Structures are given as C-alpha cells and as structure tokens.
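The values are calculated or read from the model by the stated rules, or taken from the named source; none is laboratory data. Quick caveat: nothing in here was measured; it's all calculated off a predicted structure. Every residue, glycine among them, receives a Cβ derived from its backbone with ideal geometry; neighbour counts consider all protein chains shown. Areas reflect the complete protein model, heavy atoms only, side chains present, ligands, DNA and RNA absent. Shrake-Rupley method; radii C 1.70, N 1.55, O 1.52, S 1.80 Å.
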Amino acid sequence: MEPSEQLHHDGVDLRRWRLEDAGTALRVVTESLQHLGPWMAWAAPGYGMKEATDFVGKAEREWAAGTSFTYAVLGPERQVIGSASLMDRIGPGGLEIGYWLHPDFEGRGIARRAALALIDEAFRLGAGHVEIWHDEANHRSGAIPKALGFVEVGRSPAAPEQVSPAGTGILVVWRLPRP
C-alpha cells in the first residue's frame, strides 16, 4: 500500500516534502534553531542550504525506498510551519512518529493533530503499533503521546549522534497499538 502524499486531521494539513522545498526548509529551520537546538542534535548553528537540501533529498530517497514518509506541516495560510514523519526504524510491525514545529505555532494543538494524522496513516498502511520517542527531559514533546493515549513502554539510551544539548541521553518510548 502506498502512503498518501497529503494528510488532513481536524484543520491540520500535511504534505509530502519535495526537492524544491529546500529553501522553505532552510527558512523554517533557521527561524526555529533557538527553539529546536536544545532538543534536536541536527538543529545547530551553521544549518544552511546544504543541510536543507540534504534533508529534502533524504526525505525523497526514503519515501521512494518506503523507509520513511516525511511531511511538511502546513499552517493556517498553507505555509510550511514544521515537519512530521512516519519512520520504519523500530522493528517489524511498527512505525515511529517524529515531529517539530516553528515556535510561533506551538501551543495550538497542531503537533498533536499532525500526530493523529500520522497515526491514522500508519494504521491504514498496516502498522500494528506506532511509537513516539523523545528525550526524558523534553516534557513538551512527551505531553503529546500522553494526551493521545500512548503508554510508556520503556527507556533507552540515545545513540551518541542523537543526544541533544538539553537532553539527558535517555529516550522515553511511548507505544500505541492498532485498535
């Protein structure tokens, strides 16, 4: 089954990242660096057009390979305000959800509704469960799976390249089984 290139849930739209989105990705990430940097190791000073082009290129390659489906999260004016992904990296039968938003759009339930769109898509694609992983110190990120009925199923040390500046290096693993 092929993933949908556009998703919608309760007023939040997601669309597949495209190669021509590199400039948009650069703008949204650089405007969000101060906000993202403490929690995402890749969001560091010096993020430039090469990194943005690498990001959208990787999103295209992984989509074609069926290993990750990365979407631009769209705001009320249909502008890109973040990113959300379904990733095939947690083992057979499951998909992991990841997300981030521009700080101007936090606190409005957008990330939660984007996650709901991804959950629906994961189960439509046949996943038996979905997981969300976040550093144990990132309480805002952890509030989303908790609000969506996920259950904490474990904690795991982060790979060295995943340890963020504000993080502890311990990842909380939340799981939601297919209904």
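Results, tabulated for the structure shown:
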| item | result |
| --- | --- |
| Count - residues of segment 141-179 that are within 19 Å of ARG113 (Cβ to Cβ) and either open to solvent by less than 80 Å² (accessible area, probe 1.4 Å) or among the charged types (D, E, K, R) (or both) | 12 |
| Pair list, Cβ under 9 Å, 6 or more apart: segment 1-29 residue closer than 14 Å to THR70 by Cα, other residue assigned to a strand (DSSP E or B) and of a type in the set (Lys, Arg) | PRO3/ARG16; SER4/ARG16; GLU5/ARG15; GLU5/ARG16; GLN6/ARG15; GLN6/ARG16; LEU7/ARG15 |
| Members of segment 95-140 that are out of contact with any helix residue (DSSP H, G or I) (no Cβ under 8 Å at 6 or more places or on another chain), farther than 27 Å from LEU26 by Cα and either open to solvent by 40 Å² or more (accessible area, probe 1.4 Å) or without any contact (Cβ under 8 Å) to a residue 40 or more places away in the chain (or both) | ASP120, ALA122, ARG124, LEU125, GLY126 |
| GLY98 being at pLDDT below 95 and either within 15 Å of the chain's Cα centre (by Cα) or on the phi > 0 side of the Ramachandran plot (or both) | no |
| Given (1) in a helix (DSSP H, G or I); (2) open to solvent by 40 Å² or more (accessible area, probe 1.4 Å), number of the condition VAL29 does not satisfy | (2) |
| Segment 42-57: number of residues that are surrounded by fewer than 16 Cβ atoms within 10 Å (Cβ to Cβ) and more than 14 Å from the chain's Cα centre (by Cα) | 8 |
| Residue in segment 54-74 that is at pLDDT 95 or above, closer than 18 Å to ARG175 by Cβ, out of contact with any Leu (no Cβ under 6 Å at 6 or more places or on another chain) and not small (Gly, Ala, Ser) present | no |
| Residues being open to solvent by 40 Å² or more (accessible area, probe 1.4 Å) and either under 20 Å from GLY167 (Cα atoms) or β-branched (Val, Ile, Thr) (or both) - total across segment 58-75 | 1 |
| Selection within segment 96-135 - farther than 18 Å from SER83 by Cα and out of contact with any Leu (no Cβ under 7 Å at 6 or more places or on another chain) | PHE123, ARG124, LEU125, GLY126, GLY128 |
| Members of segment 141-160 found to be touching a residue at least 12 places away in the same chain (Cβ under 8 Å) and under 17 Å from the mean Cα position of the chain (by Cα), listed by number | SER141, GLY142, ILE144, PRO145, LYS146, ALA147, LEU148, PHE150, ALA158 |
